[in-house]
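Remarks on the structure that follows.
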């Protein structure tokens, strides 16, 4: 076998044959593998070393180059502290503002609540006054029926008797005629005062007029009212005694006190069939104690309790008060109670069927 100068080929016979062809390919593959491993290793080393070198370089640079003022740690601390303090201050201001608004809201709600309570109270008072006036109107109708119709009927009967006596063919009895005329006068005069009292009472409730006060001599006021009832009481053989001292003077409304006396005397004569009626008065502890005492049939305990009850409690919807009003034959006691309250006074009643009734009016001097 003759070898060619080319180490890769061998001549067999007449041609060149590639010698150890497979061996060359394996060697090339190994070389490529080594080359790849080396490249990967190199890159990994570079990736690990370069950041470290850069960090070292940056540290060296930082040590060698002085930092700017805005890069200093104390400035950053101050900025952070300022931000935190500002946030805390803003939160405090917000909470304070919210608390102030809540306080104002509570005050507003409280004011509105008080206004609503005042409105409700005013409405309740108005309802109470309207209910009282409605009941008084009903009682006024009853009073007109009882207190005016009866005297009118009596007046008609007496006038009829006078007419028959004067129309008779025989000469009329002068004494009988005078007695009948006197009865006519008394009935008309009494009805006049009754009507005047009712009108004054109605005006007092409808207009809410101001009550004027003046110095009043109580003795003279009692005498003026007794002038109306003396003949009537005399016809029933009932003496009326005025024991009020002429020296007693009081600052009050003479007209309203006169109406009170009129109604007290009217009731006393109406329910007294024997005995006497005594009006007495005295000053005690700066107050006037004016009493009208009779020896009549007395007053039942429920009516006396109603009279002694405060005026503002008589029309509060209580069924017992309504019963008291229904028992009252007219407006007399109601007028006495209301006018006494208007004069800043009190009505006190003591009554029994054995000894009669004592109506006491207490007024400030």
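What follows is calculated from the coordinates using simple rules that are stated; it is not laboratory data. For clarity, every value in this text was computed on a predicted model and none was experimentally measured. All Cβ positions, even for glycine, are placed from backbone atoms using ideal geometry, and neighbour counts span all protein chains on display.
Sorted on the mean count of surrounding Cβ atoms within 10 Å across their residues, most packed first, peptides 292-298, 103-109, 256-262, 215-221 read 256-262, 292-298, 215-221, 103-109. Where in region 93-107 does the amide nitrogen come within less than 12 Å of the point 7 Å from the Cα of residue 113, taken along Cα to Cβ? What the label zone holds, given the 12 Å backbone N cut-off, is 106-107. When its C-alpha radius of gyration is set against 2.2 N^0.38 Å (N residues), region 185-302 gives a value of 1.12. With a Förster radius of 30 Å applied to the C-beta separation of residue 121 and residue 285, the computed FRET efficiency comes to 0.30.
Protection proxy ranking of 283-290, 343-350, by the mean of other Cβ atoms within 10 Å over each peptide's residues and highest first, is 343-350, 283-290.
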